[in-house]
Structure formats: structure tokens, C-alpha cells
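Structure, as C-alpha cells:
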């Protein structure tokens, strides 16, 4: 009797296992999601260009330097004349120190010092104008350079352009500096140095 009771207890458990197995087998099989295929990268086709040389030896770069030197020389001459005038004013003020009233001398000295400070501000402003003019002109050359490199990349099929200064070793066959320089000289033989307004 005891064995029968134990068998009856185990009976329902076995039926549940069988029923569960049948139910699981009846479930539709869901295929696993396909993995996203990694997109193959194109092989690198490199070229090298010496952009520093181009910014120094191209016709456009040389025209910029010539204009810059002319403008710098003009600014220096103007500043030198004003500096000479102030030197004379300073010497005259020193000679008058013993003959002018203290209040008058103090006023003249104040005006002289203000003129010296103003000249220093003008000098700084001229330097800023030259720097900004040079940067703007060089940007025009760089833009033309980029357009030429893009054209060569399209026709030659390279997809990586490196500056020569950043490459330790490369074959002359991938150096496109000469061709870029020749094309740039034809496309942009000169660049007008822009006038930079004085800051307020």
C-alpha cells in the first residue's frame, strides 16, 4: 500500500514533465537575428605633399611676401618719423625743466608720456594688421591648395594625403608636391594682401 501511494505521488510529476516537453516542442523556432556584417574599409591609397614648401615657393606665396614687406616698410617708416619727433619733444622738455613753472612742466610731461603710449599702441596695432593680413592671404592659398589636391585625388584615386613633414619615409612616387605646385601657380599666380581695418 505504501509503495502504491508513493507511485501515485510521483505519477503527476512525470506527466507534467512529458506535457512540458511536448509544449516546448510545439513552439515555433525563432531564427537568431543575423549579425550586422562589418563594412569592409577601402584600402588606403596615400599621397604626400610638402605644403610648407608650397606656402614658401609658390608664386602666390611670393607675391604675398613681397606685398607684406612693402607694407611693413611703410609702417616702420611712419613709426620711425613719429618716434624721432617724440625724441625731439623729450629733449626740448628736458631743457625747459628749469625754466617752466612746475604746473606747466607737469602738464607738458603728461602730454609727452601720453604721446609715447599712443605711439606704442599704434605700433602694436600695425603689427596686428600685418599678422591678420598675412593669415587671410595664406588662407586663400591653402583653400586653392585643397581644391587642387581634391582634384588630383579624384583623378588619381588616392584617399589619404599626408604632409611631408609628418612622414618619416616615403617613396618619391607618391610625392605630388611638384604637380600641386605647378597647378597652383597656374590657378593662383598672385594674391592681393588684404587691408585690415584698425581696431576701435
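There is no residue in region 139-151 that is farther than 24 Å from residue 61 by Cα and surrounded by 13 or more Cβ atoms within 10 Å (Cβ to Cβ).
Restricted to region 166-177, and to residues that are under 24 Å from the mean Cα position of the chain (by Cα) and exposed (fewer than 15 other Cβ atoms within 10 Å of the Cβ), which residue is farthest from residue 53 (Cα to Cα)?
As a first pass, look at region 166-177 and keep what is under 24 Å from the mean Cα position of the chain (by Cα): 166-168, 175-177.
Still in the list and also exposed (fewer than 15 other Cβ atoms within 10 Å of the Cβ): 166-168.
Working: 166: 14, 167: 15, 168: 17 Å.
Per the criteria, the residue is 168.
In region 1-106, counting only helices (runs of 4 or more DSSP H) that sit wholly within it, the ones holding 2 or more residues that are within 59 Å of the chain's Cα centre (by Cα), surrounded by 13 or more Cβ atoms within 10 Å (Cβ to Cβ) and at pLDDT 90 or above span 51-57, 59-95.
The values are calculated or read from the model by the stated rules, or taken from the named source; none is laboratory data. This one's a predicted model, so the numbers in the text were calculated from it and none came from an experiment. Here the Cβ is made from the backbone with ideal geometry for all residues, glycine too, and neighbour counts use every protein chain on show.
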